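J.: Please see the structure below; I have some questions.
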């Protein structure tokens, strides 16, 4: 299977999407509901080598009934790929060689800054922000994809 666009994404009814915010040290996770309407921040994983990360994701995806991945694509502000976007694309390529489950990319420009601003407005401490920002960013990314999917249908 190849990396798909949201327009091409088809998952079986009753399955969920898992959103990923790929950082250098962590992976933020968010899970959709089965109607593909609401994204809920879930957890943050320590990042390692791809095989170890994929094994952790496989366990989570199996337990949660996940039918596909939405990976945040951190494009530069001008829309070009920088090192982080190249790393996300490499993850996507590795994923399609690892699993039959589809993967789509979702533009995540400004997602972390939007989440951080929300947490600052909520008066979250620096420590609290550090603990939740990655999974909140994954939720933001996944919700954007779910909103686009709803619009496409």
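J.: What's the number of the condition residue 8 fails, among (1) within 17 Å of residue 86 (Cα to Cα); (2) in a loop (DSSP other than H, G, I, E, B)?
T.: In the conditions (1) within 17 Å of residue 86 (Cα to Cα); (2) in a loop (DSSP other than H, G, I, E, B), residue 8 misses (1) alone.
J.: A further question on this structure: Here is a list: 65, 72. Which entry is under 24 Å from residue 149 (Cβ atoms), touching a residue at least 24 places away in the same chain (Cβ under 8 Å) and surrounded by 15 or more Cβ atoms within 10 Å (Cβ to Cβ)? Break it down into steps so the answer makes sense when it comes.
T.: Details: 65 fails: surrounded by 15 or more Cβ atoms within 10 Å (Cβ to Cβ).
Of 65, 72, the one residue that is under 24 Å from residue 149 (Cβ atoms), touching a residue at least 24 places away in the same chain (Cβ under 8 Å) and surrounded by 15 or more Cβ atoms within 10 Å (Cβ to Cβ) is 72.
J.: Of the residues that make up segment 66-85, is at least one at pLDDT 95 or above and over 15 Å from residue 20 (Cα atoms)?
T.: no
J.: Quick one: is residue 99 within 23 Å of residue 33 (Cα to Cα) and either modelled with pLDDT of 75 or more or touching a strand residue (DSSP E or B) at 6+ places or on another chain (Cβ under 7 Å) (or both)? I'd like the intermediate steps shown before the answer.
T.: Details: within 23 Å of residue 33 (Cα to Cα): yes; either modelled with pLDDT of 75 or more or touching a strand residue (DSSP E or B) at 6+ places or on another chain (Cβ under 7 Å) (or both): yes.
When the stated conditions are applied, residue 99 passes them.
J.: Now a separate question. Looking at segment 11-45, which of the residues that are more than 22 Å from residue 85 (Cβ to Cβ), free of Cβ contacts under 8 Å to residues at least 24 places away in the same chain and surrounded by fewer than 12 Cβ atoms within 10 Å (Cβ to Cβ) is nearest to the chain's Cα centre (by Cα)?
T.: 35
The values are calculated or read from the model by the stated rules, or taken from the named source; none is laboratory data. Please read all numbers here as calculations on a predicted model, not as lab measurements. Because the Cβ atoms are built from the backbone with ideal geometry, glycine has one as well, and the counts that use them run over all protein chains shown.
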